[in-house]
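Data block below; observations after.
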Amino acid sequence: MKPKYTIAVTGLNNTDNPGPGVPVIRALREAKDFDVRIIGLVYENLEPGIYMDNIADKIYQIPYPSAGADNLINRIKYIHSKENLQVIIPNFDAELFTFMKSEDVLKSMGIATFLPTIKQFEERHKSVLPKYGKKYGLDIPESKNITNLVEVSKLDTEFEYPVLVKGKFYDAYLAYNEQQVTEHFNKISAKWGIPVIIQQFVKGTEVNVVALGDGKGNTIGAVPMRKQYITDKGKAWGGITLTDEKLLEITHDLIRKTKWRGGMELEIIKTNDGKYYIIEINPRIPAWVYLAVGAGQNLPEALVKLALGEDVIPFKNYSAGKMFIRYSYDIIGDISQFEKLSITGEL
């Protein structure tokens, strides 16, 4: 008989800027070696994953990371007292630091995580990515951190337009002139704070890799894909798995050098002359991870096993030519659900 684990998952905002929570849960429900009871952890009471069928067995609202680690851990303690959690899978960049900092506290409660170390998390930030590239032998576009609008007028002496204007956690916009940089700077800094990152735009095809490292230098799984449809937020709304040995080589080499622990996503531009420029390294499972499951690598299942200290045999193969397409779907609920979550923080 298969064991049954109670697993808490964040990131249920399955919108046009989707979190990874819903596809992670779908993957866990398809796990071959264990069954699951899923506890959804949400920040907003209108995250679509709350109301979707066969996603979460129970929903709890949790405080934003800005409320501090103590508030979050106290809430987790309460949820744990009700649900007896075995594993938590956080899926947002902005919350990862709090969970990483609290790893030992969670472990003392009997709750496992499998996250990057704080060093791994900090050194691959967008704001220091060129330095990271030099350290690990990666091609990275030129970039600069700016903290005020005075610096915007000087960008044309260092960069050729267009440039990408990026937030330190999320959001990226293409700017063709100083006025557009100013608009994007104001929007991003108001939402995510400073610095705002200016990155040289590299023309080519965007390709991504989802991967899982065991923390010892071994790659448990890696699946590359090409975005086929991209939203105005830069999110993949459709993609297809690729056969690309160079992408896999870059991924395996990086995981080996860094001893990466947990999920990661590499965002890469492949130029027409065959160069691969890494534009972002996201320190968690991406929202398109269900494509990897469909291609033969259930990385969320493997991550849970690693979190619980089990031996995991690395995936050797995946199916190229597998596609995913996202779609909108109207869910019909009842105001009583919304009210209950809003008032009690549970559903």
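Read the figures in this text as sums done on the coordinates, not as results from a lab. What you see is a predicted model; the values in this text were computed from it and never measured. Backbone-built Cβ (ideal geometry, glycine too); neighbour counts: all protein chains shown.
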Report task. Within the set of other residues whose C-beta is less than 13 Å from the C-beta of residue 155, count the net charge using Lys and Arg as +1 and Asp and Glu as -1. Result -> -4
Query - Relative frequency of Cα-Cα separations exceeding 20 Å in the range 142-200, percent - result: 8
Report summary line: To the nearest 20 debye, the range 142-200 has a Cα-centred charge dipole, built from +1 on Lys and Arg Cβ and -1 on Asp and Glu Cβ, of 300
Query - Nearby aspartates and glutamates by direct alpha-carbon distance to residue 2 (threshold 14 angstrom, same-chain neighbours under 8 apart not counted) - result: 30, 33, 35, 301
Requested in this report: Go through 165-177, 144-156, 19-31 and give me the packing order, highest mean Cβ count within 10 Å leading.
Outcome: 19-31, 165-177, 144-156
Query raised in the report: If we count every other residue with Cβ under 12 angstrom of residue 347's Cβ, Lys/Arg +1 and Asp/Glu -1, where does the sum land?
Result: -3
Report summary line: Debye calc, one equal point scatterer per Cα of the chain, no solvent, log10 I(q)/I(0) at q = 0.09, 0.10, 0.11, 0.14 1/Å comes to -0.49, -0.61, -0.74, -1.21
Report summary line: Percent antiparallel among DSSP beta bridges confined to the range 176-335, nearest 5, equals 100
Query raised in the report: Quick one: which of 121-131, 61-71, 289-299 comes out on top by average Cβ neighbours within 10 Å, and what's the full order, highest first?
Result: 289-299, 121-131, 61-71
Query raised in the report: Highest mean first, what order results for 32-40, 193-201 on Cβ atoms within 10 Å?
Result: 193-201, 32-40
Requested in this report: Could you compute the FRET efficiency for residue 84 and residue 122, with r as their C-beta to C-beta distance and R0 at 45 Å, rounded to 0.05?
Outcome: 0.90
Report summary line: Contour minus Cα-Cα span, residue 343 to residue 182, at 0.36 nm per residue, comes to 53.9 nm
Query - Fraction of beta bridges assigned by DSSP in the chain that are antiparallel (%, nearest 5) - result: 75
Query - Volume in Å³ per residue [convex hull over Cα atoms, computed for the range 247-347] - result: 187
